[in-house]
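Everything on this sheet refers to the single structure shown next.
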Amino acid sequence: MFGAGDVRIEEVPDPSIIDPTDAILRVTRACICGSDLWPYASMEPSETGQSMGHEAIGVVDDVGAEVRNLKRGDLVVMPFASSDGTCEFCREGLPTACVHLGFFGNIGMNGAQAEALRIPYADGTLFPLNVAEDDALMPSLLTLSDVMGTGHHAAVVAKVGPGKSVAVIGDGAVGLCGVIAAKRLGAEQIIIMGRHPDRIALAKEFGATDVVSERGDEAVERVRELTGGFGAHSVLECVGLHQSTDTAIKIARPGGAVGRVGVPQDVVIPASEPAFFNNITVGGGPAPVRAYIEELLPDILDGRIEPGKVFDRIVGLDEVPDGYRAMADRESIKVMVQP
Ligand SMILES: [Zn+2]
């Protein structure tokens, strides 16, 4: 990406092992993320550009001398962040706070919308899969690299549990996966807040029980009506804008919790007073998706959840610029890239 709206496919040198803990990943599937749309809308023009993409499945092509758990030919999930797997935070289940953290396709780090890329701390970062490269579950497995783990994180932070009412703000891929996660964790009522008919239909298929398409004060009013006048126990904020975060806090019932996974586009958290006086827990951040794969993978392999349904378009590398356009125009929910 060379600036807002400016995505190009470039020939670059092949990646190579630099550190002994590196691996080289040949990408078999990647995707375009809702969070890629922020720079697509606002990036300052850049001469060097930023290699993009932070979600992938691929085959290990080469490993450094100190890589122990992976070998050439292994099929792996590449979570959106690299982590060493051994530090205090990785051991506590928060690899997105790793002391060696890196975000793929960000701040100069190589991205996965590519044929191949270098993976730092390969043992800690990559998660081996015991399936074939062309497995029919591949779209769902690919969501373990980000959107399914991120939706799950929002639900965990928002303390979703059996019998609870849940509101999900955002009908993008993460919000839709948040609906799957809420249902999976036993929520009784799941309100999807969005306004695109195709996305709402999918949300219902995933388990949403109610739809709120209003925004701002009207949305707050509607959610209260649907939840006996008090608001939702758990709110999943999957957008990141000022207004969506404000709404998230205002629709949480007293003692409730908001799980934020939308990358914030504002430097402050709004609605401080209602958050305080209603004893709302506001938490969240970059999802530790690497740590969630173990829990979510069996549900995908057994067909209990099908997050791969968020993909409604497949493109080759050459068509990636049009993939960005399609997602920005809300013509597509999520685009899969098959290099
Ligand atoms: Zn670590």
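The mean accessible area for residues of segment 105-211, using a 1.4 Å probe and ignoring ligands and nucleic acids, is 34 Å² per residue. Here the Kirkwood formula, the inverse mean of 1/r across different C-alpha pairs, assigns segment 278-330 a hydrodynamic radius of 14.8 Å.
Translational diffusion of segment 1-138 was estimated from the Stokes-Einstein equation, with Rh taken as the Kirkwood radius over Cα pairs; at 20 °C and 1.002 mPa s the coefficient is 139 µm²/s.
Axis of helix 289-301 versus longest Cα principal axis of the chain: the two differ by about 80°, to the nearest ten degrees. Over the chain, Cα pairs under 8 Å with separation of 6+ residues give a relative contact order of 18 percent. Between the Cα long axis of helix 147-157 and the first principal axis of the chain there is an angle of about 40°, rounded to the nearest 10. One compactness figure for segment 182-339 is 1.14, namely its Cα radius of gyration divided by 2.2 N^0.38 Å. Applying Stokes-Einstein at 25 °C and 0.890 mPa s to the Kirkwood radius of segment 251-339, computed over alpha-carbon pairs, gives a translational diffusion coefficient of 147 µm² s⁻¹. Mean residue ellipticity at 222 nm, helices only, the chain: -8000 deg cm²/dmol; runs of at least 4 DSSP H residues each add -39,500 (n - 2.57), and the sum is divided by the number of residues. Proximity of backbone amide H atoms, modeled 1.01 Å from N, is registered between VAL315 and MET336, VAL337, GLN338 at under 5 Å, excluding neighbours fewer than 5 places apart on the same chain. I need the fraction of alpha carbon pairs in segment 1-54 separated by more than 16 Å, rounded to a whole percent. Here the tail beyond 16 Å accounts for 53 percent of pairs. Computed with a 1.4 Å probe over protein heavy atoms only, the accessible surface of segment 1-53 comes to 54 Å² per residue. Per residue, the convex hull spanned by the Cα atoms of segment 168-248 measures out at 77 cubic angstrom. What is the diffusion coefficient of segment 104-245 in µm²/s, taking the Kirkwood radius over Cα pairs and the Stokes-Einstein relation at 4 °C with a viscosity of 1.567 mPa s? Diffusion coefficient, whole number: 78 µm²/s.
Most tightly packed first, judged by the mean number of other beta-carbon atoms within 10 Å of their residues, the peptides 60-67, 154-161 read 154-161, 60-67.
Within the accessible surface of the chain, defined with a 1.4 Å probe on protein heavy atoms only, the carbon and sulfur portion equals 50 percent. Taking amide H positions as modeled 1.01 Å from N, with prolines and chain starts lacking one, the residues under 5 Å from THR28 and 5 or more places away or on another chain are ILE57, GLY58, VAL59. For the chain, the Kirkwood estimate of hydrodynamic radius, built from reciprocal distances between every pair of different alpha carbons, is 20.1 Å.
Karplus-derived 3J(HN,Hα) values for segment 80-96, using 6.51 cos²θ - 1.76 cosθ + 1.60 with θ = phi - 60°, are 5, 10, 8, 8, 7, x, 10, 6, 3, 6, 4, 5, 7, x, 10, x, 7 Hz; glycine and proline are entered as x. The alpha-carbon atoms of segment 118-199, seen along their principal axes, cover 40, 28, 21 angstrom, with the largest extent given first.
Lysine pairs, Cα distance under 19 Å, 8 or more residues apart or cross-chain: how many in the chain? Lysine pair count for the chain: 10.
The values are calculated or read from the model by the stated rules, or taken from the named source; none is laboratory data. For clarity, every value in this text was computed on a predicted model and none was experimentally measured. Cβ: placed from backbone, ideal geometry, glycine included. Neighbour counts: every protein chain shown. Ligands, DNA and RNA are excluded from the accessible area calculation, which covers all protein heavy atoms including side chains. Shrake-Rupley method; radii C 1.70, N 1.55, O 1.52, S 1.80 Å.
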